[in-house]
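**Student:** Next up is a structure, given as structure tokens.
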Amino acid sequence: MNAADFDPLTLAIAPPPNETPTERADRELAEAEALRISNEIDEQLRKERENEKKKKRPVKLLLLGQSESGKTATLKNFQLTYAKREWIAERNNWRAVIFLNLVRNVNNILDILNREMAAASLPSPDYIGSSDESSEDINSSSRPRLKFKEKHRLLKLRLGPLRRIQTDLERRFGATALEPQSTSITTAAPFGSEESQSSRQSSKEFSINSSNGWKSAFEKIRAMRAAARADGDAHALRRLQETDDEIAEVIAGCRDDVKAIWEDPTVREMLSRGKTRVEDSAGFFLNDVDRIAVSNYEPTDDDVIRARLRTLGVQEYRFIFEHGRTAGQEWRLYDVGGTRSSRAAWWPYFDDVNAIIFLAPISCFDEKLAEDRRVNRLEDSFLLWRSVCDCKLLSRTQLILFLNKCDLLQAKLQRGVRIRDSVPSFGDRRNDISTATRYFQQHFKEILKQYSPVQRSFFVHLTSVIDTRSTAVTLGAVEESILRDHLRRADLM
Ligand SMILES: Nc1nc2c(ncn2[C@@H]2O[C@H](COP(=O)(O)OP(=O)(O)O)[C@@H](O)[C@H]2O)c(=O)[nH]1
Ligand SMILES: [Mg+2]
């Protein structure tokens, strides 16, 4: 007798001692069947596990649209709605950005004021403004000349320190990559490349250029301080160490003058004659001076959404959603620079994205692209939408259209701006928001139908993405439909 004869397991599964040949055949058959079923279950479990893994794969979402269409603001809404912890941790970092936005609003007005005061002091009564198209007929002979007073000179003087604040803040954010201002830039430098940072010098807007966006813009400030310290560069260090708090003090000290210049009737008249709508510009905070220009200012959620930090290249943001139907699921959102020259950098990201949110700012029907003053911004959105619909790589990608800046559209129409003057095909339709959105929406839909390589659904939302509450509802719908598509794909694979 060997050891196996005493092994309880061997004994338990051993055939009964007096088995007849028929019994033995039956037994073997039953065993084979049991094995088959067991294997089948194993196989099924394996498949389910694999499927789960596929479903757990990150959902990839790309935000596209021309520059200043609201892509980054939409991304921030995602973070606010679905990754609140991270949002709160970062909120205070936006303080310096909001200060910069505010200070730039003021300095832009000061620039115009300087120009116009200089011009107003010229002896010629026929003076017709400066050569800048936006201020063409500020003092045209048909209207009374603007009367600048001692008060304006004093305001200019007292607001002088804000120039330095702007320069300081821009330097802090590494303001080397700049908004293209002309048509001469036609080729895209690869994102993140040296060239894209150094080739544009005229400082109109600062930007971030990195593989993960605003986080590293904030990180950069810390790194610059460390470098100055290591080099023993006391001067650089002193400048950099000027903390947000010191900057806040200077801005708080200018609070009354900032309000005074913004509320001054002559300045308002000057801006309106020059058709400069500061309130429509990116990062507009002049109506919030009382709240922001204080030494202990802390940004609100809405402030952060409205803060403008230009995006360059393609930036990836990874969020594990804490809320919503996809709680626990990783989402990767890609935010891109939207100027014409940066669009070439988008294509490599088209490969395996689940969905694209395409932002079309429909309030821009009477505006031109900053990078090419010949091109109407709405027309540019249509063309861009067409090339996205048309793209074979994206033929199976869900496209979600946001007709954005509806709030600005509404305000514009209420001011009496007529769509037909910029979009002749609009014709004699009613110049109101519902007719306008329906008209534009139809146009986008037709392009989708006509140019998509395979038929696909048209998902569209009317949005004002600076409104965090209504945007949260919209994002809920977006999440739902992307998730459904994501799961369906996992099941198919
Ligand atoms: N009034 C209004 N402003 C918006 C809206 N969407 C974006 N903005 C503002 O427009 C500017 C550009 O938005 P941003 O998200 O940076 O555009 P991006 O260049 O496409 O990333 C920012 O100052 C935003 O606050 C909107 O729906 N309404
Ligand atoms: Mg952006």
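**Student:** Inspect all residues belonging to segment 411-428 and state whether any of them is within 30 Å of Tyr349 (Cβ to Cβ), touching a residue at least 40 places away in the same chain (Cβ under 8 Å) and of a type in the set (S, T, N, Q).
**Tutor:** no
**Student:** Let me ask something else. Scan segment 320-347 residue by residue and report those that are under 15 Å from the mean Cα position of the chain (by Cα) and either over 14 Å from Leu475 (Cβ atoms) or of a type in the set (Phe, Trp, Tyr) (or both).
**Tutor:** Within segment 320-347, Arg332, Tyr334, Asp335, Val336, Gly337, Gly338, Thr339, Ser342, Arg343, Trp346 qualify.
**Student:** Would you point out which residue out of Thr435, Thr463, Thr474, Thr468 is in contact with a Lys or Arg (Cβ under 7 Å, 6 or more places away or on another chain) and either within 16 Å of ligand 2 (Cβ to nearest atom) or open to solvent by less than 60 Å² (accessible area, probe 1.4 Å) (or both)?
**Tutor:** Matching residue, one of Thr435, Thr463, Thr474, Thr468: Thr435.
**Student:** Among the helices (runs of 4 or more DSSP H) confined wholly to segment 219-324, which include 2 or more residues that are open to solvent by 10 Å² or more (accessible area, probe 1.4 Å), among the small types (Gly, Ala, Ser) and away from ligand 1 (no atom under 16 Å from the Cβ)?
**Tutor:** Fully inside segment 219-324 and qualifying: 234-241, 244-253.
**Student:** Looking only at segment 327-336, which residues are away from ligand 1 (no atom under 16 Å from the Cβ) and buried (at least 19 other Cβ atoms within 10 Å of the Cβ)?
**Tutor:** Those that are away from ligand 1 (no atom under 16 Å from the Cβ) and buried (at least 19 other Cβ atoms within 10 Å of the Cβ): Gln329, Trp331.
**Student:** Of the residues in segment 58-75, how many are within 13 Å of ligand 1 (Cβ to nearest atom) and touching an Asp or Glu at 6+ places or on another chain (Cβ under 9 Å)?
**Tutor:** Of the residues in that region, 8 qualify.
**Student:** Moving to a separate point now. Only one of (1) touching a helix residue (DSSP H, G or I) at 6+ places or on another chain (Cβ under 7 Å); (2) in a strand (DSSP E or B) fails for Phe382. Which number is that?
**Tutor:** Of the numbered conditions (1) touching a helix residue (DSSP H, G or I) at 6+ places or on another chain (Cβ under 7 Å); (2) in a strand (DSSP E or B), the odd one out for Phe382 is (2).
**Student:** Being at pLDDT 90 or above and surrounded by fewer than 11 Cβ atoms within 10 Å (Cβ to Cβ) is true for just one of Ala34, Ala73, Ala12. Which residue is that?
**Tutor:** Ala34
**Student:** Filter segment 302-354 down to the residues that are within 16 Å of ligand 2 (Cβ to nearest atom) and of a type in the set (Ser, Thr, Tyr) and list them by number.
**Tutor:** Matches in segment 302-354: Thr311, Tyr317, Tyr334, Thr339, Ser341, Ser342, Tyr349.
**Student:** Could I ask something else about it? Collect the residues in segment 337-363 that are part of a helix (DSSP H, G or I), within 16 Å of ligand 1 (Cβ to nearest atom) and either at pLDDT below 80 or small (Gly, Ala, Ser) (or both), keeping them in residue-number order.
**Tutor:** If the condition is that a residue be part of a helix (DSSP H, G or I), within 16 Å of ligand 1 (Cβ to nearest atom) and either at pLDDT below 80 or small (Gly, Ala, Ser) (or both), then Ser341, Ser342, Ala345, Ser363 are the ones that fit.
**Student:** Name every residue in segment 15-31 that is surrounded by 10 or more Cβ atoms within 10 Å (Cβ to Cβ) and modelled with pLDDT of 85 or more, in order of residue number.
**Tutor:** Residues satisfying the conditions are Glu23, Arg24, Ala25, Asp26, Arg27, Glu28, Leu29, Ala30, Glu31.
The values are calculated or read from the model by the stated rules, or taken from the named source; none is laboratory data. Bear in mind the structure is a predicted one, so any value in this text is a computation, not a measurement. Because the Cβ atoms are built from the backbone with ideal geometry, glycine has one as well, and the counts that use them run over all protein chains shown. Just so you know, the surface numbers come from the protein's heavy atoms only, side chains and all, with ligands and any DNA or RNA stripped out. Shrake-Rupley method; radii C 1.70, N 1.55, O 1.52, S 1.80 Å.
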